[in-house]
Amino acid sequence: MDIKQLRALLAVAETGSATKAAEILRVVQPAVSRHIRLLEEELGAELFDRQRYGMALTDAGHTMVEYGRRALQELDRAKAEIRPTAGTVVGTATIGLLPSTCVMLASELAARVRGTHPQIMMRLNVGYAGNLLTWLESGDVEIALLYDKEAMPGMHFETVLDEKLLLVGPAGCYAMDQPETIEKLRGVPLILPDAPHGLRSVVEHACAVAGIAPIVAIETNSLEVQKSLVSRGFGHSILPSSAISEDLEIGTLSGTPIVSPDLSRRIILAHAATRRLSPAAAIVREELKSLMRQLVLDGSWPGATCTKVDSAN
């Protein structure tokens, strides 16, 4: 098994065709077919189902693609670290962002990294905290934003900021300078992500303490669907300020802080302590922390405060 075989495997898996894969790899089609055949002979299993209109992965093929992609990522990271670059950092940094933060962070982070280290290529993966943690453990992302977590073996957590949660409704329902108490949720239909989403847990805990039985009208794990349903009057929601900053600005949604008790979430930056960060990922991590703190300090992240606590493994 060699790198050329793995690259051929991934190219065919992505295109569904040895001919198209050959075009991407800039080799002749028989070479791609030979790489696949040799790999199948070595593994003793067919990786593709040869169909009339293309090639589809078998179960064994899906497994091999998953491990092959990770292996090539690790090799690319090693190459970027070892290759002399005269002070220039190159390579790919794979970052995991929460859906509620990606609109606020993605473009600014890309601009910062391109301005200071143009040879770094970022791969931004967006997912909920549970997915991001799984990707961290598997090595599919190098660093990720998560909600506050208890210490976990093999993980390094660093607190970045605390962010207030807002009661969100259609335009005109709420005003940011007129906070509401948790009692406002009594009898209000809510649109929330399903359990065990971190935000859902925060809301349910606060309601339980206040003796309120929340009315969950609709569950959805799509942030955009959640906001759309609220804006059209199907219910209200609890969301972080970063998720609706643009919506508040253009007036499609309205929101207000919940006080007594204050509802908030803590955002942490995590990476696998057992896996060395690539130079590219280490740089992007520092740029991301700096960006988040700057957004808080200049008021662009309403309801957020910088938090400094000891990092944990």
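FYI, it's all coordinate maths here, none of it is from the lab. What you are looking at is a predicted structure, and each value in this text was computed from that prediction instead of being measured. In this analysis, Cβ positions are derived from the backbone assuming ideal geometry, glycine residues included, and neighbour counts consider all displayed protein chains.
May I ask for the net charge around residue 225, where only other residues with Cβ less than 13 Å from the Cβ of residue 225 are counted and Lys, Arg are +1 while Asp, Glu are -1? Result for the neighbourhood of residue 225: -1. Placing pseudo-labels 7 Å out from each Cα toward the beta carbon at residue 289 and residue 137 gives an inter-label distance of 2.5 nm.
Given the options 243, 282, 11, state which has the largest fluctuation in a GNM of the chain using a 10 Å cut-off (strictly under) for Cα springs. Result for the chain, Cα springs under 10 Å: 11 fluctuates most.
In nm, what is the difference between 0.36 nm times the number of residues separating residue 186 and residue 121 and their Cα-Cα distance?
Numbers: separation 65, 0.36 × 65 = 23.40 nm, distance 4.77 nm.
Length difference between fully extended and current span is 18.6 nm.
Averaging the Cα positions of each part gives two centres, and for the range 16-50 and the range 236-313 these lie 44 Å apart.
With the radius of gyration and the Kirkwood radius both derived from the Cα set of the range 163-265, what is their ratio Rg to Rh?
On the way: Rg = 12.1 Å, Rh = 13.3 Å.
So for the range 163-265, dividing Rg by the Kirkwood Rh gives 0.91.
In a Gaussian network model over the chain where Cα atoms closer than 10 Å are linked, find which of 271, 236, 205 has the largest mean-square fluctuation. Fluctuation is largest for 205.
Tally the DSSP beta bridges in the chain and give the antiparallel ones as a percent, rounded to 5. List each step's numbers first, then the result.
On the way: 31 of 47 bridges.
The answer is about 65 percent antiparallel.
Based on the Kirkwood approach, the hydrodynamic radius assigned to the range 67-214 is 18.7 Å, with every pair of different Cα atoms included.
What pairs from 4/79; 164/289; 227/289; 20/79 go past 20 Å between their alpha carbons?
Working: 4/79 16 Å; 164/289 18 Å; 227/289 27 Å; 20/79 27 Å.
Beyond 20 Å between Cα atoms: 227/289; 20/79.
Could you work out the helix-only [θ] at 222 nm for the chain, with each DSSP H run of four or more residues adding -39,500 (n - 2.57) and the total divided by the number of residues, to the nearest 500 deg cm²/dmol? Calculated from helices alone, the mean residue ellipticity at 222 nm is -14500 deg cm²/dmol.
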